[in-house]
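Everything below concerns the one structure shown next.
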Amino acid sequence: MSAAPEDAPGSGRIAAPITAVESTESAGGPLLRLTDLVRQYGGVKAVDGVSFEIQPRTITGIIGPNGAGKSTVLTVASGFMPPTSGHIEFDGRDVTGLPMHRRARLGMVRTFQIARVFEGLTAIENLMVAVPQQRSLTLKGLVVGRRYWRSEEEEIQERAWQLMKTFGMADKANEKAGRLSGGQRRAVEIMRALMMRPKLLLVDEPMAGLNPKLTRELEEVLMTLREQGLSVLIIEHELDTVERICSEVLVMAWGKVIARGQMAELRTRREVQDAYVVG
Ligand SMILES: Nc1ncnc2c1ncn2[C@@H]1O[C@H](COP(=O)(O)OP(=O)(O)O)[C@@H](O)[C@H]1O
Ligand SMILES: [Mg+2]
């Protein structure tokens with residue numbers, strides 16, 4: 001991908017404080033807990049007994065060779081697909097049976113390995129449609145009318161603008177998403193997830209296809225969000241990124257977590273090296 005300046009999701013700086021996550025309060029204890037998670041596709045156990053916890057205000061990485069089951073863990077944790085067996089607790093509550101949109105409302109939002117944006121909508125519209133607007137649908141909304149639900153709409157718009165500025169993309173706000181570069185679409189997808197004021201952001205290889213400069217900018221954004229209270233579970237191929245931003249890393253191979261720890265230390269472990277070579 002080209003390193004053209006207009007490709008930037010950010011200008012290299014965090015332009016504005018991010019208020020998208022400030023109001024989330026956690027119940028205490030681990031934010032996410034997966035217990036004996038199994039997901040089978042036909043005869044293939046894509047995820048084969050995975051258990052781990054994620055603490056609030058942390059960035060946790062999942063690495064491992066292709067086919068290890070990383071994306072499937074995210075897919076099942078987010079509720080996009082049900083597990084074959086096992087349990088998922090989010091913020092002190094069993095969400096195993098909850099569909100993805102209900103989990104999103106509780107504060108767990110995912111992005112996809114290939115960014116999904118509404119190409120016909122502008123960048124800022126892509127952000128605004130992420131938040132279900134409710135006041136216009138209530139009885140009060142019907143009776144009091146625009147005066148009542150207008151304020152909600154303005155709030156959503158303001159948050160969307162704030163994120164666009166944070167990601168250094170304010171000048172692209174009214175551009176159709178279909179005309180944005182790969183890096184910008186990825187940024188739009190992440191911003192859209194942040195519109196939901198998540199407590200936990202689940203991201204699948206967000207750095208894929210980004211040049212080194214954009215990668216560093218997105219790392220900065222994720223670390224800033226973490227400081228503001230967000231937790232992130234990130235699947236990432238780029239191990240230098242993982243080493244810079246993740247406090248804990250899980251190594252997956254053959255559907256299982258085969259090692260966990262800090263990236264710098266994991267690099268020296270034999271079983272991790274073997275998984276990459278053999279896997
Ligand atoms: N929707 C699916 N249908 C059938 N098999 C799948 C599906 N998704 C993933 N798999 C299989 O599950 C295994 C793990 O895949 P995946 O979770 O995508 O691994 P990773 O993200 O680590 O590369 C692979 O063998 C893959 O082929
Ligand atoms: Mg994957």
Quiz item: Can we say residue 207 is more than 27 Å from residue 180 (Cβ to Cβ) and buried (at least 22 other Cβ atoms within 10 Å of the Cβ)?
Solution: no
Quiz item: Here is a list of conditions, (1) touching a strand residue (DSSP E or B) at 6+ places or on another chain (Cβ under 9 Å); (2) at pLDDT below 90; (3) among the basic types (Lys, Arg), and residue 39 meets all of them except one; can you say which number that is?
Solution: (2)
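Can you say whether residue 239 is crowded, with 21+ Cβ neighbours inside 10 Å and aliphatic (A, V, I, L, M), as far as the supplied structure shows?
Values: crowded, with 21+ Cβ neighbours inside 10 Å: no; aliphatic (A, V, I, L, M): yes.
When the stated conditions are applied, residue 239 does not pass them.
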Quiz item: So how many residues does segment 26-65 have that are more than 25 Å from residue 199 (Cβ to Cβ) and free of Cβ contacts under 8 Å to residues at least 40 places away in the same chain?
Solution: 4
Quiz item: Does segment 189-204 hold any residues that are farther than 20 Å from residue 53 by Cα and either within 16 Å of ligand 2 (Cβ to nearest atom) or more than 12 Å from the chain's Cα centre (by Cα) (or both), and which are they?
Solution: 189
Practice problem: Mind listing whichever residues of segment 59-85 are surrounded by fewer than 18 Cβ atoms within 10 Å (Cβ to Cβ) and away from ligand 1 (no atom under 15 Å from the Cβ)? | Solution: 85
Quiz item: Do you know which residues across segment 51-106 are away from ligand 2 (no atom under 16 Å from the Cβ), of a type in the set (Lys, Arg) and on the phi < 0 side of the Ramachandran plot?
Solution: 93, 102, 103, 105
Quiz item: Out of 176, 199, which single residue is basic (Lys, Arg), buried (at least 20 other Cβ atoms within 10 Å of the Cβ) and away from ligand 1 (no atom under 16 Å from the Cβ)?
Solution: 199
Exercise. Of all residues in segment 35-50, count the ones that are among the small types (Gly, Ala, Ser) and either in contact with a His (Cβ under 9 Å, 6 or more places away or on another chain) or within 16 Å of ligand 2 (Cβ to nearest atom) (or both).
Key: 1
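The values are calculated or read from the model by the stated rules, or taken from the named source; none is laboratory data. Values in this document were obtained by computation on a predicted structure and should not be read as measured data. Note that each Cβ is placed from the backbone with ideal geometry, even for glycine, and that neighbours are counted across all protein chains shown.
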